[in-house]
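The values are calculated or read from the model by the stated rules, or taken from the named source; none is laboratory data. These numbers come from a predicted model, not from an experiment. With ideal geometry, Cβ positions are generated from the backbone for all residues, glycine too; neighbour counts draw on all protein chains shown.
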Amino acid sequence: MSKSWRLLVFAAAGAAAAAAPAFGGPVAGHAGGGHPQLPFCSMLGHGIQASSGAQMYCFGPQQNGPGSVSPTGSTFGSNVNAASPSEDVSANGTRAYGQSEESVAASGPYVVEAWNDSTGFFSARCSPMYKDQLTGFAFSSNNGKSFTDLGGLPNSACATSVFSGDPSVETYQSGGTTYFYISSLYETATSTLTSTTNGSDIAMDVCQVVSGSLSCNSTPVIIATGVPTVCTNSGCTFGDFLDKDFMSIDPSHARLDVSYDRFTGLGASQVELAVCDLSSPGSPTCYPGGSTTPYLVVYSSASDPNNCEQEGAYPSVDRATGAVYVAWEGNWPSEIGCPTPATNDVAYIPASCLTLTTTSPCSNPAMVTVPITSMSAAFIPGYNRFPMNDFPRIAVSDHNGTVSIVWNDARYHPAGDILLQSWHLATLTPIQSTPTIVNRTQGGWHLLPALRGVDDDGDLEISFYQRSSGTSSLTSYVAALNVSPLATSTTAGTTVTSGSTNWSNTSSDIVPNFGDYTDNYVTIGLGTDTDENNIYAAWADGRIGEPQPFFALAHTDGS
């Protein structure tokens, strides 16, 4: 089936915020100081690594970049910047710099994009529009032609808790109503004169479209709960830190599947899965919810003497059977103390294991691994995060009977390529004998791919950052469209951005300044020219001199 593509590019932006103060930390009511004294935070960069959301929670704002903020590629062309920099100002008049690490989902004409935002570093507790929340979001009712910046995720418990980044967005239709679920790291702090208890959870806001607008419940739904850290004058007792949440919808079974990482000690980590019952879509029930006992441990390195990390977990649902596949990077980051070779791993969890009960009846799911050449030791021009990650993104194609991952890998070129590996469903027998290079051009940097769904032919839609030179910080966002999961070579390539931007000439209060993931979302319509095979892309773009959460729509008529 041949396909004709029209590329439409727009932008979205918004606000977010910071984490609850810990014992001995900043004055209550101001979120900017972070929690560097907590045991988990003191280990970041000294034995363990974690996400952008964890960096923001632990250290608050981290300035970077030269004084110049002149962007390259200032002609927007078909790109429309729908971000609202005017919203990124705290009540005390402080401008924040930087929004990144995006997620996007769409249903019909409705689109929601969410991101990490630095505004909360400088915003008091319970600020107007919830600017004290580290996760911001925007809504579009016209298929992404324009967005309304809605500030931070609503949180009625804002006096003691905060959504602290790493967002994921999913959508579900039930009874003629469109719902959006926006998950994030969720941190709480309660203090007395002698101690502070810090909790690390995964939570989400439930939103629904009402009369063409987005209405969100301000009471967060707890998806998973960590053992809290308790700090007193004599020190801290280490608890859990939950990190890197991401969601995948199973509309056939009215279920939302959420993968995330749990740090269970000073370096020990495990990949876990939670499930949420959507039979009452406006008030879902999640397992494990408020219990600190995991619903399902997909893989654990708790007994690893080297504390090699399992990070960057992403799920994908097989909608035909209800099975879930979870992909993550094993033994990351390889350059700081983990002697075990880095891998990207995929686990298969049959539908029979995903009961709506307190815990799953299953354990030790089947899995496969792919050896990778990690880019975690790379210092990438203009990118202020070290180490880099090689986290895999994942999608199931029932049409082809495959599950596929993509990731950035340096085995063929020092500046990396985007590689593809597929397996047969359930059996996890490999399709390709060696991974396939996805990017059309070689030689420059290729970073942070997104893959989340397939089109009506079962093809993969992959997007990623690309640079023409390994020594340049000029960066574009590009897409490889209509990639077969069975491919052993690809020639596809579409430029999403209308001009490259210079990452070295952007100002940001966030580390990493351009996030550690991008996202895209695929919708399959009813066969009309306006709703079939829409591919929505979300990435951080620095064209105005600071990272902004941009949006793009590609459409095929399926002919």
Checking the condition in a strand (DSSP E or B) and over 25 Å from Ala538 (Cα atoms), which residue from Thr178, Thr196 passes? Thr196
Scanning the range 484-525 residue by residue, those in a strand (DSSP E or B) and of a type in the set (Asp, Glu) turn out to be Asp519
Go through Ser140, Ser156, Ser184 for me and flag whichever is more than 24 Å from Ile249 (Cα to Cα) and small (Gly, Ala, Ser). Ser156
Selection count, the range 463-494, where residues are under 23 Å from Met388 (Cβ atoms) and without any contact (Cβ under 8 Å) to a residue 60 or more places away in the chain: 9
Do we find that Val370 is within 20 Å of the chain's Cα centre (by Cα) and at pLDDT 95 or above in this structure? no
Is it true that Thr94 is surrounded by fewer than 20 Cβ atoms within 10 Å (Cβ to Cβ), closer than 21 Å to Gly60 by Cα and among the polar types (S, T, N, Q)? yes
The strands (runs of 3 or more DSSP E) lying entirely within the range 256-311 that contain at least 2 residues which are surrounded by 24 or more Cβ atoms within 10 Å (Cβ to Cβ), at positive phi and not hydrophobic (A, V, I, L, M, F, W, C) are none
Selected residue (criterion: modelled with the lowest pLDDT) from residues of the range 145-170 that are among the charged types (D, E, K, R) and in a loop (DSSP other than H, G, I, E, B): Lys145
List pairs: first in the range 42-63 and over 15 Å from Asn389 (Cα atoms), second among the β-branched types (Val, Ile, Thr) and modelled with pLDDT of 75 or more, Cβ under 6 Å, 6+ apart or cross-chain? Gln62/Val511
Given the conditions (1) modelled with pLDDT of 95 or more; (2) surrounded by fewer than 18 Cβ atoms within 10 Å (Cβ to Cβ); (3) aromatic (Phe, Trp, Tyr), and given that Tyr348 satisfies all but one, which numbered condition is not satisfied? (2)
One residue is enough: does the range 360-367 have a residue meeting the conditions within 27 Å of Met56 (Cβ to Cβ) and either free of Cβ contacts under 8 Å to residues at least 12 places away in the same chain or among the hydroxyl-bearing types (Ser, Thr, Tyr) (or both)? no
Please work out which one of (1) surrounded by fewer than 24 Cβ atoms within 10 Å (Cβ to Cβ); (2) of a type in the set (S, T, N, Q); (3) part of a loop (DSSP other than H, G, I, E, B); (4) touching a Ser or Thr at 6+ places or on another chain (Cβ under 6 Å) is the condition Asn384 fails and give its number. (4)
Qualifying positions in the range 324-345 - surrounded by fewer than 22 Cβ atoms within 10 Å (Cβ to Cβ) and either touching a helix residue (DSSP H, G or I) at 6+ places or on another chain (Cβ under 7 Å) or closer than 17 Å to Ser51 by Cβ (or both): Ile336
If you go through the range 215-239 one residue at a time, how many are surrounded by fewer than 21 Cβ atoms within 10 Å (Cβ to Cβ), in contact (Cβ under 8 Å) with a residue 12 or more places away in the chain and assigned to a loop (DSSP other than H, G, I, E, B)? 7
Search the range 387-403 for residues being more than 17 Å from Ser51 (Cβ to Cβ) and crowded, with 24+ Cβ neighbours inside 10 Å, and hand back the single one that is nearest to the chain's Cα centre (by Cα). Ile394
Quick one: Ser213 ticks every box in (1) in contact with a strand residue (DSSP E or B) (Cβ under 7 Å, 6 or more places away or on another chain); (2) at pLDDT 95 or above bar one, so which box is it? (1)
Is it the case that the range 173-189 has a residue that's among the polar types (S, T, N, Q), crowded, with 17+ Cβ neighbours inside 10 Å, closer than 27 Å to Pro392 by Cα and touching a Pro at 6+ places or on another chain (Cβ under 9 Å)? yes
